Amino acid sequence: MTVESVRPRAPQQQQTSPLREPPLAGGGVPLLGHGWRLARDPLAFMTRLRDHGDVVRLRLGPKTVYAVTTPALTGALALSPDYKIDGPLWESLEGLLGKEGVATANGPRHRRQRRTIQPAFRLDAIPAYGPIMEEEAHALTTRWQPGRTVDCTSESFRVAVRIAARCLLRGEYMDERAERLCLALATVFRGMYQRMVIPLGPLYRLPLPANREFNRALADLHLLVDEIVAERRASGQKPDDLLTALLEAKDENGEPIGEQEIHDQVVAILTPGSETVASTIMWLLQVLAEHPEHADRIRDEVESVTGGRPVAFADVRKLTHTNNVVVEAMRLRPAVWILTRRAVTDTELGGYRIPAGADIIYSPYAIQRDPRSYADNLEFDPDRWLPERVKDVPKYAMSPFSVGNRKCPSDHFSMAQLTLITAAVATKYRFEQVPGSNDATRVGITLRPHKLLLTPVPR
């Protein structure tokens, strides 16, 4: 299965009735609106919204926000020019991502930036990264010692950051920085999520301990990026990588792009990508421990493909079940569980009136667990992605890399490394959770296990 292979349902009849006002969700409180419920139990809250309708009004502090709950409408939202990247999520991320990087830019700037970075992620460019992905995946299994506890958070971040840095930035210096990135991102994303759901503005500027911790972590992330760019400039080297492409990129007038845009672009490469890939690796390790029968099937599949040699990048396309395990893990525990857009004009969505400037919110987590789209929706079932069954999944019910002009450019890059890492670790080890491990879902801007601790057991 590929994540783009789900088929669309038959199109619905075009709305001919007058546009309606979306229903207002119950349970809001003065001042905070629904923000307290979104902060208290966000996954359950977003999941239950489907019971109120296809589009539902929420109050986050003083703001009215529109929640979209169906696959078809999330696809329409992503593809329509009536909406842009903006809203509570992106406002909360602005301190990290800035305003000039590909993650947050809109319009001509975004199109130019995608043209700059897209060659690094073309399908025919990915095999060149294969040796690095292989080396890092097998180094992970070599570093782990049988019977010794593995901290899955730090290990997942280390491998995700090292692959991104070595493939895209040609960085051989990322061990210590990977640990810094891991710790700082956990603090920053937790604080940014709080600022998104409870937008209290000036209160976050008070010199409170949590605010000081957040500001220190954010400053260290930006310092880390400045160190990477400065070291490349000082080296005088111009390897054929994404960082060189950024340093030599031109703007719409043919002038070199500014330092802030370079900075924001490197942030966009290292931080959201590393965070989402690392979170997915954590969940894959949890899956291997919780579902040993699928770990055994991965091991058998790899051995049938490789004949007993170490799994290689060239084997990835043949590892059907391994790939399906990755996709199913992303369905049930998507790293990016909430997304927002902003209407740029008066428009409509599903027959509901959406005013210009309105913020729209939707949850891939809720969409991908909807029983209307998936039989046994809460069951871990990688075989649902086999060709004979995937046709039953509605289009846009599984879009972990988004769609349209905001589709993640690194989708094939990410899937290749996730499949290779899963194959490498499952072939060498079985995994057991140890006392003190907590695989409950920790909600921030992304989803991670709270504290996943595993013991590798040799096969």
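Of the trypsin sites (Lys or Arg not before Pro) found in the stretch 352-387, those that fall in a DSSP loop while having at most 16 other beta-carbon atoms within 10 Å are ARG372. Rolling a 1.4 Å probe across the protein heavy atoms gives the chain an accessible surface of 43 Å² per residue. When Lys and Arg each count +1 and Asp and Glu each count -1, what net charge do the other residues less than 12 Å away from GLU21, Cβ to Cβ, add up to? Once all neighbours under 12 Å are counted, the net charge is +2. The count of lysine pairs in the chain with alpha-carbon distances below 22 Å, taking only pairs 8 or more places apart or on different chains, stands at 12. The simple spin-label model puts a point 7 Å past each Cα toward its Cβ; for ALA210 and HIS412 those points are separated by 4.4 nm.
The values are calculated or read from the model by the stated rules, or taken from the named source; none is laboratory data. Bear in mind that the values here come from a model prediction, so they are computed numbers and not experimental data. Heads up, the Cβs are rebuilt from the backbone with ideal geometry, glycines too, and the neighbour counts pull from every protein chain shown. To get the accessible areas, we keep the full protein, side chains included, count just its heavy atoms, and leave off ligands, DNA and RNA. Shrake-Rupley method; radii C 1.70, N 1.55, O 1.52, S 1.80 Å.
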